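Student: Encoded as structure tokens, here's the structure I'll be asking about.
The values are calculated or read from the model by the stated rules, or taken from the named source; none is laboratory data. Here the structure is a predicted model, which means the values were calculated and not measured. Reconstructed Cβ throughout: ideal geometry from the backbone, glycine too, with neighbour counts over all protein chains shown. Only protein heavy atoms, including side chains, enter the accessible area calculation; ligands, DNA and RNA are left aside. Shrake-Rupley method; radii C 1.70, N 1.55, O 1.52, S 1.80 Å.
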Amino acid sequence: MEQQSSSEGAKNQSDETDHQAPKSGSTLKKQLNLLLIALSFFTRIPVPAWVEFDSEKLNQASRYFGVIGLFVGSISAAVFWVSQFVLPNGVAVILAMITGVLVTGGFHEDGLADTADGFGGGWKVADKLRIMKDSRIGTYGTLALVLCLLLKWQLLVEIALYSPINAVVAIVVAHGLSRVLAGSIIFSGQYVTEDDGSKSKPLAQHQHINDLLILCLSGFVVLACLNGVVAFGLLLLLVLLRQAFIWGGNRQIGGYTGDTLGAAQQIAELLCYGAILVIGLN
């Protein structure tokens, strides 16, 4: 009996150990799951079938917006770097921009166009939200999109004239930091929709402080890799732009939508290119 009891005790202890052992692996898998959720929402890249989706995970995935931005920026920058060896800088920049659009499906550009149409064409909040949900593009959206793309191309071409490697760095930095800014607005803003009874979600409707800190950490890592002057300049400008978008969103529609987050990303990307061109990377 004592031997059997000892054997059962050892077995129970072994079972407890086996049950506790996967905790570190489980945490890693959870973070990978959140990363892949963010990847699936912001790019056209397919993710494994085992990835689990639910509303809470969608909210937590906002912590990896900046990482996804760095990933997309790295792909676009790689296309530019290879292309500029055999093509003019202007063509290489266009190819990099096309690559970014293909990888993301024009997700953020669509948000910019919808926001411009809604804010420019609607008088009441309900009208603005209704216009923003319309799949058709209007005059304001067309102008915003064309001018944004032209300015983005011109800024990158000018940066590339100084040094192609500066353009590579600028693309990666701008893609990463702009998505950190857009994602951080979720923490401070209120998600709004045309119909309160309709719960068609953007990527996230709310953000926990831990998710915000992880998101900001990815941005600070990027800034830490830059020259102190340009890093400080970018940080200051992005903080001011973030506050401007929160204020503007609250004034126009009482908060944010997925479209306004896309617009914030596009404007922040332009701001990064402009700051890098003016301040320089060296």
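Student: Among Gly122, Gly262, Gly176, whose mean-square fluctuation peaks in a Gaussian network model of the chain (Cα, cutoff 10 Å)?
Tutor: Comparing Gly122, Gly262, Gly176 in a Gaussian network model of the chain, the most mobile one is Gly122.
Student: Helix-derived [θ] at 222 nm for the chain: sum -39500 (n - 2.57) over DSSP H runs of at least 4, divide by residue count, nearest 500? All intermediate terms of the calculation are to be shown ahead of the outcome.
Tutor: Numbers: 12 runs with 216 residues, N = 282.
Using -39500 (n - 2.57) per qualifying helix, the result is -26000 deg cm²/dmol.
Student: Assigning unit charges at the beta carbon (Lys, Arg +1; Asp, Glu -1) and nothing else, what dipole magnitude in debye, to the nearest 20, does segment 131-250 show about its Cα centre?
Tutor: Dipole of segment 131-250, to the nearest 20 debye: 100 debye.
Student: Kindly write out, for segment 98-115 in residue order, the coupling ³J(HN,Hα) from the Karplus curve 6.51 cos²θ - 1.76 cosθ + 1.60 (θ = phi - 60°), rounded to whole Hz, with x marking Gly and Pro.
Tutor: Once rounded to whole Hz, the list reads 4, 4, x, 5, 5, 5, 8, x, x, 4, 6, 4, 4, x, 4, 5, 5, 5.
Student: Simple spin-label model, 7 Å along Cα-to-Cβ: Ser74 to His206 in nm?
Tutor: Taking the simple label geometry, Ser74 and His206 are separated by 3.4 nm.
Student: Given points 7 Å out from each Cα along the Cα-Cβ axis, report the Ser26 to Gln190 separation in nanometres with one decimal.
Tutor: Placing both labels 7 Å beyond Cα along the Cβ direction yields 3.8 nm.
Student: Which of Ile68, Val47, Leu147 sits closest to the plus end of the dipole of the chain, meaning its Cα is farthest towards the positive end, when Lys and Arg get +1 and Asp and Glu get -1 on the C-beta?
Tutor: Projecting each Cα onto the dipole axis, the largest value belongs to Leu147.
Student: Continuing with this model, one more query. Relative contact order (percent) for the chain, with alpha-carbon contacts under 8 angstrom and 6 or more residues of separation?
Tutor: Values: 374 pairs, mean separation 71.2, N = 282.
Relative contact order of the chain: 25 percent.
Student: Counting only residues 5 or more places away or on other chains, whose amide H sits under 5 Å from the amide H of Tyr256 once H atoms are built in the peptide plane?
Tutor: Amide H to amide H, under 5 Å and 5 or more residues apart or across chains, Tyr256 pairs with Gln190, Tyr191, Val192.
Student: A further question follows. Starting from the Cα of Ile98, step 7 Å along the direction of its Cβ; do the same at Phe232; then give the gap between the two resulting points in nm.
Tutor: Simple spin-label model gives 4.2 nm for this pair.
Student: Give me the 1.4 Å probe accessible area per residue for the chain, excluding ligands and nucleic acids, in Å².
Tutor: Value returned for the chain: 52 Å² of accessible area per residue.
Student: Another question about this same structure. Let me confirm the definition first: pairs of Lys residues in segment 47-205, 8 or more apart or on different chains, C-alpha distance under 27 Å. How many are there?
Tutor: 12
Student: Still on this structure, I have one more. What dipole magnitude, in Debye to the nearest 20, does the chain give about its Cα centre under +1 on Lys/Arg Cβ and -1 on Asp/Glu Cβ? Mind showing how you got there, number by number?
Tutor: Details: 18 positive and 21 negative charges, 125 e Å.
The calculated dipole for the chain is roughly 600 debye.
Student: Also, quick follow-up: Ignoring ligands, DNA and RNA, how do Lys57, Lys133 rank by accessible area with a 1.4 Å probe, largest first?
Tutor: Putting Lys57, Lys133 in descending order of accessible area: Lys133, Lys57.
Student: On the protein heavy atoms, probe 1.4 angstrom, tell me the percent of accessible surface of the chain carried by carbon and sulfur.
Tutor: 64
Student: If I stretch the segment between Arg44 and Leu151 completely, what's the gain in nm (0.36 nm per residue apart, minus their alpha carbon distance), one decimal?
Tutor: 36.0 nm
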